[in-house]
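The values are calculated or read from the model by the stated rules, or taken from the named source; none is laboratory data. The shown structure was predicted, so the numbers you read here are calculated from the model rather than taken from an experiment. A quick note on method: Cβ atoms are made from the backbone with ideal geometry, for glycine too, and the neighbour counts reach across all protein chains shown. Side chains included, ligands, DNA and RNA excluded: accessible areas come from the protein's heavy atoms. Shrake-Rupley method; radii C 1.70, N 1.55, O 1.52, S 1.80 Å.
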Amino acid sequence: MLITGGAGFIGANFVNYTIENHSEYEICVLDSLTYAGSKSRLDRVLHRIDFVHGDICDAEIVGPLVESADLVVNFAAESHVDNSLDDSYPFVRTNIIGTYTLLEAMRRHGGRFHHISTDEVFGDLPLETTEKFTESTPYNPSSPYSASKASSDMLVRAWARSFGVAATLSNCANNYGPFQHVEKFVPRQITNLIGGRRPKVYGTGLNVREWTHVDDHNAAVHAILSRGEIGESYLIGSGNELSNRQVVELVLDLMGFAPDAYDHVPDRPGHDLRYANDTTKIMTELEWVPRYVDFRDGLAETIHWYRANEWWWQPQKMAAEARYQARGQ
Ligand code: NAD
Ligand code: TDX
């Protein structure tokens, strides 16, 4: 199995999960180690995998790796919406050209391809409804990040239909868990509090996200790899919808701070209001169910992890906060 972006947050958790739960796979990771990639996420398993430091846009590297794999899972991406608003080029390059490069190699060499995508491709839902995205919701992305992910999904579908690439695709809701970069919402607030800073909430904080534990996402990807139908897309989520304010208040509570001990900072331009995935298809057809149904428990576990693993996140923290400071956030 070739796992691209396997040194990133979800990809590395996927490698660790696969080694623990599916020892039948031989794993090769391809990762260019951007600011978001870190090989130390794979410390425990490096002796059991091949690691290639390289770029998914580089056809010379991608070709032979795809040729020697039966299965490719593509986690490699630029993943942070705020960064895409500052400079969208790396998003267009990695998310679109990178996916194209992988698909062209798949077309030549054959094998199974699974593409990891996001619910952000659908745009957003109104705050005051219980409406959810489904696999047939039209794409309507808002940010350069989500537009580049939507483009990559379209390429996957076109290469599947026109060239017969044996592809599946999944669109997951917001993830949380160990080894998430401190630029993202949940770890930013936890590590702020550990370091004596106040949490920062964009705008009103009423925007809603569906928080899904990374291990549940990865178990869902394995369900698709073993039981999914070629050519199909699957939505993944936990059902745990919370406003950003609710999440921050929960973090504050679990870490022993007052519920109002946070700051409101300027809003993200084009900030999506609400995401929510209808997961009926993956739950009924593939019999996948999330294990982390209680967000409070999953969050408490995650806080514990960040407290115990300062060695891992502390080196990223100053640079991440400097980027936020430059945006006034
Ligand atoms: P991440 O930013 O933590 O990791 C991305 C990884 O890709 C890094 O290791 C990076 O070095 C690598 N990478 C970037 N450009 C590359 C290139 N050109 N060639 C090779 N490697 C490259 O991202 P993540 O949060 O782990 O997200 C993984 C995937 O899951 C992405 O496709 C993202 O769109 C999707 N996703 C993320 C979430 C979430 O909440 N984080 C939710 C749904 C979907
Ligand atoms: O400091 C913050 N304060 C704040 O209020 C940060 C970093 C974020 N936010 C808000 C913005 C969002 O409403 O919190 C919410 C979550 O923000 P992010 O962690 O940046 O995630 P989001 O923009 O929702 O996108 C995430 O989920 C879908 C991932 O980063 C994407 O890769 C994935 O596709």
**Message:** Need one value: the accessible area of Trp311 in square angstrom, 1.4 angstrom probe, rounded to the nearest 10.
**Reply:** 140 Å²
**Contour excess over end-to-end distance, with Cα ends at Ala300 and Thr204 and 0.36 nm allotted per residue** = 32.1 nm
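Determine the sum of side-chain charges near Gly298: Lys and Arg each +1, Asp and Glu each -1, restricted to other residues whose C-beta is under 13 angstrom from that of Gly298.
Net local charge, Gly298 excluded: -4.
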**Prompt:** For the range 142-212, what is the accessible area per residue in Å², given a 1.4 Å probe and the full set of protein chains?
**Reply:** 29 Å²
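May I ask for the Kirkwood hydrodynamic radius of the range 192-329, worked out over all distinct Cα pairs and given in angstroms to one decimal?
17.1 Å
With both bridge residues required to lie in the chain, what share of the DSSP beta bridges run antiparallel, to the nearest 5%?
Expressed as a percentage, antiparallel bridges in the chain total about 10.
Pop out the Kirkwood hydrodynamic radius of the range 252-329 from its pairwise C-alpha distances, inverse of mean 1/r, in Å to one decimal.
Taking every pair of different Cα atoms in the range 252-329, averaging 1/r and inverting gives 16.6 Å.
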**Fill in**
Projected area averaged over all directions for the convex hull of the alpha carbon atoms of the range 19-66, nm², comes out at 3.9 nm²
**Request:** Compute the convex hull volume of the Cα atoms of the range 79-195, divide it by the residue count, and report the result per residue in Å³ as a whole number.
**Result:** 134 Å³
**Asked** Using modelled amide H (1.01 Å from N, peptide plane; none on Pro or chain starts), what sits under 5 Å from the amide H of Phe257, excluding residues fewer than 5 places away?
**Response** none
**Prompt:** Between exposed trypsin sites (Lys or Arg not before Pro) in the chain, where DSSP calls loop and at most 15 other Cβ atoms lie within 10 Å, what's the longest gap?
**Reply:** 1-196
**Asked** Rolling a 1.4 angstrom probe over the protein heavy atoms, how many square angstrom per residue are accessible across the range 25-68?
**Response** 54 Å²
**Fill in**
Stretched fully, the stretch from Met318 through Asp86 gains (0.36 nm per residue minus C-alpha distance, one decimal, in nm) 81.7 nm
**Prompt:** Hey, any idea what the orientation-averaged projected area of the convex hull of the range 217-268's Cα atoms comes to, in nm²?
**Reply:** 6.0 nm²
**Fill in**
Excluding ligands, DNA and RNA, the carbon-plus-sulfur percentage of the accessible area of the chain with a 1.4 Å probe reads 50 percent
**Prompt:** With θ set to phi - 60° and the Karplus curve 6.51 cos²θ - 1.76 cosθ + 1.60, what are the ³J(HN,Hα) couplings of the range 136-144 in order, to the nearest whole Hz, using x for Gly and Pro?
**Reply:** 9, 5, x, 6, 7, x, 9, 10, x
**Item:** Radius of gyration and maximum dimension Dmax of the range 1-85, Cα, Å
**Value:** 12.5, 41
**Request:** For Thr118, enumerate residues with amide H under 5 Å from its amide H, sequence gap 5+ or separate chain, H modeled in the peptide plane.
**Result:** Cys172
**Hydrodynamic radius by Kirkwood, which averages 1/r over all alpha carbon pairs of the range 1-144, in angstrom** = 16.2 Å
**Mean separation of Cα contacts under 8 Å (6+ apart) over length of the chain, as relative contact order %** = 17 percent
**Message:** Please report the net charge: other residues with Cβ closer than 14 Å to the Cβ of Gly63, K and R +1, D and E -1.
**Reply:** -3
**Asked** So what's the range 138-234 giving for Cα Rg divided by 2.2 N^0.38 Å, two decimals?
**Response** 1.37
**Message:** What distance in nm lies between label points placed 7 Å from Cα along the C-beta direction at Gln246 and Glu285?
**Reply:** 2.9 nm
**Message:** Please list log₁₀ I(q)/I(0) at q = 0.18, 0.24, 0.35 Å⁻¹ for the range 290-329, using the Debye equation with identical point scatterers on the alpha-carbon positions.
**Reply:** -0.68, -0.79, -1.02
**Request:** For Tyr234, enumerate residues with amide H under 5 Å from its amide H, sequence gap 5+ or separate chain, H modeled in the peptide plane.
**Result:** Leu169, Ser170, Asn171
**Prompt:** Between Asp58 and Thr130, what FRET efficiency follows from the Cβ-Cβ distance if R0 is 56 Å, with the result rounded to 0.05?
**Reply:** 0.80
**Message:** More than 30 angstrom separation, counting every C-alpha pair in the chain; what % is that?
**Reply:** 30 percent
**Fill in**
With Thr101 itself left out, Lys, Arg at +1 and Asp, Glu at -1 over residues whose Cβ is under 12 Å from its Cβ give -1
